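Have a look at the structure below before the remarks.
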Amino acid sequence: MAKRRRVSNLLGLHIMATLSIQPMHPYEIAAQLKAFGKDQDIKIQWGSLYTVVQNLEKHGFIEAAETVREGRRPERTVYRLAPAGRQEMIDWIRELLGTPEPEFPRLQAALSIVAVLPPGEVIELLEQRLGILAAENEKTRLDLDANRAHVPRLFLIETEYRLAVREAEVAWITGLLKELRDGTMAGLTAWQRVHDTGELPEDFSDFMTEM
């Protein structure tokens, strides 16, 4: 079971990991995260970065190392990872790697109530999704191939994982579309009848048996 953390925003974990390399001020942290494409790994609200930094400092995970001024720019606080932050970072990464947690993808939410749309429209929308996924996956494969020559695999595995998840999604949707197109999905007839008549069946077991 996941621990209740004093700073639970995953951006906080990535900030600590960035500061484990060297002390930085928040602007440098943001630039580093963008340069390494971390917005592809977690959902980042860039406007909240300073708030997360403040929360990390409040809980003793990072600490001010120095204050610097460049030209006429305002002073900037350079932060470093505190010993408590290093331990929190390591413990958090261990938890994320070793302990599965329920996740709630947007596609899963849509599939749970997909019956509100008629089967024909669902087919069209899933075909549209497949087209987008195919283009994205191809781009990711090309990027991986281009980077493997000069980037150690250690720094590419999150992209490999993202691609594997997308490829699994493509395979699953392709199978579902086949059943929808050829009419072999159980309950398809009842589902279509609801949209043809506007009436729900008296016995929902129809969705379990009709083909």
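The values are calculated or read from the model by the stated rules, or taken from the named source; none is laboratory data. The shown structure was predicted, so the numbers you read here are calculated from the model rather than taken from an experiment. All Cβ positions, glycine included, derive from the backbone under ideal geometry; neighbour counts span all protein chains shown. Only protein heavy atoms, including side chains, enter the accessible area calculation; ligands, DNA and RNA are left aside. Shrake-Rupley method; radii C 1.70, N 1.55, O 1.52, S 1.80 Å.
Within region 65-88, restricting attention to residues that are among the polar types (S, T, N, Q) and outside any helix (DSSP H, G or I), the residue that is farthest from the chain's Cα centre (by Cα) is T67. For E127, the requirement of being under 30 Å from L176 (Cβ atoms) and open to solvent by 70 Å² or more (accessible area, probe 1.4 Å) is met.
Answer yes or no: is there a residue in region 165-176 that is over 18 Å from D41 (Cα atoms) and of a type in the set (F, W, Y). Yes, the conditions are met somewhere in region 165-176. Pairs meeting the criteria (first residue in region 83-107 and in contact (Cβ under 8 Å) with a residue 12 or more places away in the chain and surrounded by fewer than 10 Cβ atoms within 10 Å (Cβ to Cβ), second residue outside any helix (DSSP H, G or I) and of a type outside the set (S, T, Y), beta carbons under 6 Å, at least 6 apart or on different chains) are E101/A2.
Listed by position, the helices (runs of 4 or more DSSP H) enclosed by region 89-197 that each have at least 2 residues that are among the small types (G, A, S) are 106-111, 119-148, 157-182.
Residues of region 153-168 include at least one that is among the small types (G, A, S), closer than 26 Å to G37 by Cβ and either at pLDDT 95 or above or exposed (fewer than 14 other Cβ atoms within 10 Å of the Cβ) (or both).
R141 meets the conditions (1) open to solvent by less than 60 Å² (accessible area, probe 1.4 Å); (2) at pLDDT 95 or above; (3) more than 30 Å from R4 (Cβ to Cβ); (4) not β-branched (V, I, T) in every case but one. The failed one is (1). W172 fulfils the conditions (1) under 19 Å from I113 (Cα atoms); (2) at pLDDT below 95; (3) surrounded by fewer than 13 Cβ atoms within 10 Å (Cβ to Cβ) except for a single criterion, (2).
Residues in region 20-64 that are part of a strand (DSSP E or B), open to solvent by 20 Å² or more (accessible area, probe 1.4 Å) and in contact with a Ser or Thr (Cβ under 8 Å, 6 or more places away or on another chain): how many? Matching residues across region 20-64 total 1.
I'd like the full set of residues that are among the aliphatic types (A, V, I, L, M) and over 17 Å from H59 (Cα atoms), limited to region 79-118. Outline the logic, then answer.
Taking region 79-118 as the starting set, the residues that turn out to be among the aliphatic types (A, V, I, L, M) are 81-82, 84, 89-90, 93, 96-97, 107, 109-111, 113-117.
Result: I93, L96, L97, L107, A109, A110, L111, I113, V114, A115, V116, L117.
Looking at region 1-17, which of its residues are part of a helix (DSSP H, G or I) and either open to solvent by 70 Å² or more (accessible area, probe 1.4 Å) or within 24 Å of L163 (Cβ to Cβ) (or both)? Quick ask: steps written out before the conclusion?
Filtering region 1-17 down to residues part of a helix (DSSP H, G or I) leaves 10-17.
Answer for region 1-17, where residues must be part of a helix (DSSP H, G or I) and either open to solvent by 70 Å² or more (accessible area, probe 1.4 Å) or within 24 Å of L163 (Cβ to Cβ) (or both): L10, L11, L13, H14, A17.
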